[in-house]
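The values are calculated or read from the model by the stated rules, or taken from the named source; none is laboratory data. Values in this document were obtained by computation on a predicted structure and should not be read as measured data. Positions of Cβ are generated from backbone atoms using ideal geometry, with glycine treated the same way; all protein chains shown enter the neighbour counts. In case anyone asks, the SASA skips ligands and DNA or RNA and just uses the protein heavy atoms, side chains included. Shrake-Rupley method; radii C 1.70, N 1.55, O 1.52, S 1.80 Å.
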Amino acid sequence: MDVQPGDKLIMKKPHPCGAREFAVLRVGMDFKIKCLGCGREVMLPRNKVEKNIKKIERPEEENV
């Protein structure tokens, strides 16, 4: 799965605060994601994150 820092992930299961949207801060063997509801940052193993992704939203890139 092609996930890059700056992407927004919509997950299948919500964070305990109720939000389903997370921003990707770091990618590697572990993902560092930030909840867009409460602002909490979490490090999770790659396979757990990839299994729970429902949709990936990429920021619009402008060609100059």
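Yes/no per residue for (1) in contact with a helix residue (DSSP H, G or I) (Cβ under 6 Å, 6 or more places away or on another chain); (2) assigned to a strand (DSSP E or B); (3) hydroxyl-bearing (Ser, Thr, Tyr):
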| position | (1), (2), (3) |
| --- | --- |
| Phe22 | no, yes, no |
| Leu25 | no, yes, no |
| Phe31 | yes, yes, no |
| Met43 | no, yes, no |
| Asn47 | no, no, no |
| Lys51 | no, no, no |
| Ile56 | no, yes, no |
| Glu60 | no, no, no |
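With respect to Lys13, is the statement that it is of a type in the set (Lys, Arg), open to solvent by 40 Å² or more (accessible area, probe 1.4 Å) and touching a strand residue (DSSP E or B) at 6+ places or on another chain (Cβ under 6 Å) true? Talk me through it step by step, then tell me what you get.
Working: of a type in the set (Lys, Arg): yes; open to solvent by 40 Å² or more (accessible area, probe 1.4 Å): yes; touching a strand residue (DSSP E or B) at 6+ places or on another chain (Cβ under 6 Å): no.
No: the conditions fail for Lys13.
Assess whether Leu36 counts as being in contact with a helix residue (DSSP H, G or I) (Cβ under 9 Å, 6 or more places away or on another chain) and surrounded by 11 or more Cβ atoms within 10 Å (Cβ to Cβ). It would help to see each step written out before you state the result.
Details: in contact with a helix residue (DSSP H, G or I) (Cβ under 9 Å, 6 or more places away or on another chain): no; surrounded by 11 or more Cβ atoms within 10 Å (Cβ to Cβ): yes.
No.
Of the residues in segment 43-64, how many are without any contact (Cβ under 8 Å) to a residue 12 or more places away in the chain and surrounded by 14 or more Cβ atoms within 10 Å (Cβ to Cβ)? I'd like the intermediate steps shown before the answer.
Just the residues of segment 43-64 that are without any contact (Cβ under 8 Å) to a residue 12 or more places away in the chain, to begin with: 47-48, 51, 60-64.
From the residues that got through so far, the ones that are surrounded by 14 or more Cβ atoms within 10 Å (Cβ to Cβ) too are none.
Adding up the residues that qualify gives 0.
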